[in-house]
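Notes for the one structure printed next.
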Protein chains: 2
Amino acid sequence: MDESCYWNKKTFAIVTGASRGIGRTLAEKISQQIGPDSVLLLISRDEKDLDSLQKAIETDRPSVRVHVGVTDLSNCDESALNGVVSSALAGESAESFAHALCVHNAGSLGDATKRCTDLLSVNSCVQYFQLNLASVVVLNAIFLRRFTSPVVQQRKTVVNMSSLCGVEPFSSLSLYCTGKAGRDMFFKVLAKEEPDVRVLNYAPGPVETNMRVQLLHQSWTEEIKSGGLGLTTEMTCDRLMAILARDSYASGAHVDYYDP
Amino acid sequence: MDESCYWNKKTFAIVTGASRGIGRTLAEKISQQIGPDSVLLLISRDEKDLDSLQKAIETDRPSVRVHVGVTDLSNCDESALNGVVSSALAGESAESFAHALCVHNAGSLGDATKRCTDLLSVNSCVQYFQLNLASVVVLNAIFLRRFTSPVVQQRKTVVNMSSLCGVEPFSSLSLYCTGKAGRDMFFKVLAKEEPDVRVLNYAPGPVETNMRVQLLHQSWTEEIKSGGLGLTTEMTCDRLMAILARDSYASGAHVDYYDP
C-alpha cells in the first residue's frame with residue numbers, strides 16, 4: 001500500500017503505559033501522524049505524567065483530542081476499563097473513526113533478582129499475570145467490541161509490545177519471559193480468529209528506559225549485564241511507526257526491531 | 001544412559017491433576033516404576049477420585065507410600081502448597097530420596113465457546129492464570145527448594161504437561177494457548193537457570209480425556225472438530241515414561257508425542 005495512506009485518518013487510538021518510556025514516545029509519534037478529529041486515549045497509573053503528556057500533545061496537535069485514563073492495570077476490573085474507553089469516546093460514534101488502533105504497551109519486568117526457585121508467593125505471581133496478561137486480554141476485547149460496525153469499513157490494528165524474551169528464555173527473567181510468550185501467543189490466536197484485524201507483536205529491542213535500568217541493576221546474569229548501550233525510545237518508535245505504515249507484516253507475526 | 005537406571009530408585013514424586021485423565025494414568029505408571037520406599041504425592045481438588053486412586057496404587061505397590069493432597073490449585077496460597085509437600089514427606093529427610101520428580105499436569109481448557117473478543121471478565125482471566133501459571137510457578141519453587149542437598153547427589157526432574165497449543169495458535173483456545181505458551185517458556189527459563197535439573201515440556205498429543213470431550217463439544221472451529229480419534233492416556237503416558245527413562249532430551253525442550 002501507499003505508506004502515506006495508513007496514518008492520516010480520523011483515528012481512535014489507545015496507548016497503555018503511556019506515561020513514560022516507549023509508551024510516551026509512541027503516543028507522541030502517533031499524535032503527530034493521525035488525522036484531524038482523532039482521539040488518543042492514554043492509559044497509565046501515573047496521573048501527573050499523563051497530564052503533562054496530554055498538555056504537550058494538545059499544544060502540538062490541537063486537532064487531536066487527548067483523553068487521560070488513569071487506571072492501575074494490575075488492579076482493575078472490566079467496568080473500569082469499559083468506563084475509560086467510554087469516557088474517551090465521549091458520546092462520539094465509533095463508526096465515525098476510519099481507524100481504530102490499540103497499543104498494549106503497559107507491562108512490568110518482575111523482580112529480576114529472583115530465580116524461578118525464589119518465586120514463592122502465589123499472590124505476587126497472580127498480580128504479575130493480572131497486569132501483564134489478564135488486563136491485556138480484557139482491554140483488547142473491550143476495544144475490539146467497540147469497532148464492529150457492519151456498515152462502515154474501518155481499519156483495525158492491535159499492537160502488542162513484545163520482547164525478545166517472548167521467544168527466547170533468559171535467566172533471571174522467568175515471569176517476564178512467561179508473560180511475553182503468553183502475550184505473543186494470545187495475539188497470534190487473535191490474528192487467526194479475526195482476519196479483519198491487523199495484529200502485530202513488536203519486539204522493540206533493548207531500549208534505554210527505566211525498565212532497562214531496573215534490569216541491569218537487578219539481574220545477576222552476565223548475558224544480560226553485557227548487553228551494551230541500548231536504543232533510544234525514538235529509534236524503536238520510529239521503526240514501529242514505519243512497520244505499521246508499510247503494513248506488510250503477516251498478521252500475528254512477531255517482528256523485532258532488528259529484523260531486516 | 002542405561003534406561004533401566006532411571007526409575008527403580010527411591011523417588012519423591014508429585015503429580016498434579018492426578019484424579020483423572022492423563023494425570024491418573026501417569027500416577028499409576030510412575031508408581032509401578034519407582035523403587036521401594038518411594039513417596040507419591042497426588043494433587044487434585046477431587047478427594048473421592050484421589051482416594052480411590054490411592055487405594056488402587058497401594059494395593060498394587062505396597063512398598064510405595066501414596067499421599068493424597070486435596071488442593072484447589074486455582075485458589076490456594078503458598079502455605080497450602082507447602083503444607084501438602086510437608087505432609088507428604090511426613091518427617092522423612094529429603095536427602096533420603098535418590099530422585100525427586102514433579103509433574104505439572106493440572107490445567108484447564110478455558111471456555112472454548114469464547115473468542116478472544118468474548119473475554120470480558122478480568123476475574124475469570126486472573127483465575128485462569130492462577131491455576132495454569134501462578135500455582136505451577138510456586139509449587140515448582142517449593143518442590144525444588146526441598147531438594148537442594150549440598151551433600152547428597154539427587155536426580156531432579158520437572159515435567160510440564162504442555163500441548164501443541166503451546167507452540168501453535170488455535171482459534172477458540174486463546175487462554176489455553178496463552179497459558180501453555182507461557183508455561184513452556186517458564187520451564188525453558190528454569191532449564192537455563194538450573195542446569196542440574198532435568199526439565200521436559202511434553203506435549204501429549206490429542207488424548208481421549210474429559211478435556212478433549214469438552215473441547216470437541218465447545219469449539220466452533222473445523223480445525224479442531226476434524227481432529228479425529230485421539231490417543232489413549234496409556235499410549236501417551238507410555239511414551240512419556242520412555243522419554244524420561246531414555247533421558248536424552250535437551251533440558252527445557254518441547255517434545256511432542258509425535259516427535260520421532
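The values are calculated or read from the model by the stated rules, or taken from the named source; none is laboratory data. Keep in mind that what you see is a predicted model, and the values were worked out from it rather than measured. Counting neighbours? That spans all protein chains shown, and the Cβs are built from the backbone with ideal geometry, glycine included. SASA here: full protein model, heavy atoms, side chains in, ligands and nucleic acids out. Shrake-Rupley method; radii C 1.70, N 1.55, O 1.52, S 1.80 Å.
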_Shielding of B:130-141 by partner chains, average beta-carbon count, 10 Å_ = 6
*Taking chain A as the reference, fit the longest principal axis to its C-alpha atoms, fit the long axis of helix A:78-89 to the helix C-alpha atoms, and give the angle between the two in degrees, 0 to 90, nearest 10.*
40 degrees
*With all protein chains present, how much of the accessible area of segment A:1-121 (probe radius 1.4 Å) comes from carbon and sulfur, to the nearest whole percent?*
45 percent
*What are the extents of the Cα atoms of the protein assembly as shown along their three principal axes, listed from largest to smallest and rounded to whole Å?*
79, 49, 39
*How big is the charge dipole of the protein assembly as shown about its Cα centre, in debye rounded to the nearest 20, if each Lys and Arg gets +1 on its Cβ and each Asp and Glu gets -1 on its Cβ?*
60 debye
*How much accessible surface does A:Cys76 have with a 1.4 Å probe, in Å² rounded to 10?*
20 Å²
*How far is B:Thr59 from the same spot in each other copy, in nm, shortest first, if each label point sits 7 Å from Cα toward Cβ?*
8.1
*Does anything in segment B:97-128 have its amide N under 17 Å from the 7 Å Cα→Cβ label point of A:Arg145, and if so which residues?*
B:111-126
*asked:* If amide hydrogens are placed 1.01 Å from N in the peptide plane, which non-local residues have theirs closer than 5 Å to the one on A:Val103?
replied: A:Ile14, A:Val15, A:Thr16, A:Val159
*Can you pull the semi-axes for segment B:1-135, root of five times each eigenvalue of the Cα gyration tensor, sorted largest first, whole Å?*
31, 16, 14
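For segment A:126-170, what does the alpha-carbon gyration tensor say about shape, rounded, prolate or oblate, given a ≥ b ≥ c as the root eigenvalues, a/c under 1.5 as rounded, and a/b over b/c as prolate? Each step should come with its number before you reach the end.
Details: a/c = 5.67, a/b = 1.91, b/c = 2.98.
It comes out oblate by the Cα gyration axes.
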*Check B:Val207: other-chain or 5+ apart residues with amide H under 5 Å from its amide H, H built from backbone geometry?*
B:Leu231
_Accessible solvent surface per residue of segment B:3-256, calculated while the other protein chains remain in place, 1.4 angstrom probe, Å²_ = 37 Å²
*asked:* For chain B, set up a GNM with springs between Cα atoms under 10 Å and report which of B:Leu42, B:Leu190, B:Leu120 has the largest fluctuation.
replied: B:Leu120
*What is the distance in Å between the Cα centres of segment B:223-260 and segment B:157-176?*
13 Å
*Can you pull the percent of segment B:155-226's accessible area that's carbon plus sulfur, 1.4 Å probe, other chains left in place?*
56 percent
*Max mean-square fluctuation residue, GNM over chain B, Cα-Cα springs under 10 Å, options B:Ala80, B:Ala250, B:Ala106*: B:Ala250
*Roll a 1.4 Å probe over the protein heavy atoms and report the accessible area of A:Ser124 in Å², nearest 10.*
70 Å²
_Partner chain coverage, peptide A:190-196 - average Cβ within 10 angstrom_ = 5
*Cα-based equivalent ellipsoid of segment A:3-255: semi-axis lengths in Å, sorted from largest, via gyration tensor*: 29, 19, 18
*Considering only protein heavy atoms, what is the solvent-accessible area of B:Arg61 at a probe of 1.4 Å, reported in Å² to the nearest 10?*
40 Å²
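Using only C-alpha positions, report the orientation-averaged shadow area of the convex hull of segment A:97-220, nm², one decimal.
Averaging across all directions leaves 8.4 nm² for the Cα convex hull.
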_Between B:Asn82 and A:Ala94, what's the calculated FRET efficiency when r is the beta-carbon distance and R0 is 35 Å? Round to 0.05._
0.10
*Just reorder B:Met211, A:Met235, A:Met241 by solvent-accessible area, largest first, 1.4 Å probe, all chains present.*
A:Met235, B:Met211, A:Met241
*Under a GNM of chain A (C-alpha, springs under 10 Å), which listed residue has the highest mean-square fluctuation: A:Thr25, A:Thr59, A:Thr209?*
A:Thr59
*To the nearest 10 degrees, how steeply does helix B:135-146 sit against the main Cα axis of chain B, on a 0 to 90 scale?*
10 degrees
_Between 0 and 90 degrees, rounded to the nearest ten: what's the tilt of helix A:233-246 against the longest Cα principal axis of chain A?_
50 degrees
_segment B:165-260: chymotrypsin sites (Phe, Trp or Tyr not before Pro) falling in loop per DSSP and having at most 15 other Cβ within 10 Å_ = B:Trp220, B:Tyr258
*Hey, which of these cross-link pairs are over 30 Å Cα-Cα: A:Lys188/B:Lys188; B:Lys48/B:Lys225; B:Lys9/B:Lys188; B:Lys156/B:Lys180; A:Lys192/B:Lys188?*
B:Lys48/B:Lys225
*Read phi for every residue in segment B:160-175 and hand back ³J(HN,Hα) as whole Hz from Karplus 6.51 cos²θ - 1.76 cosθ + 1.60, θ = phi - 60°, with x for Gly and Pro.*
9, 6, 9, 6, 4, 5, x, 10, 10, x, 10, 4, 6, 10, 5, 5
*Evaluate E = 1/(1 + (r/R0)^6) for B:Ser52 and A:Asp72, where r is the Cβ-Cβ distance and R0 equals 60 Å; express this FRET efficiency to the nearest 0.05.*
0.85
*How many angstrom lie between the C-alpha centres of segment A:26-68 and segment A:71-117?*
15 Å
*If you take the accessible area of A alone, add that of B alone, and subtract the area of the pair, what total do you get in Å², probe 1.4 Å, to the nearest 100?*
4000 Å²
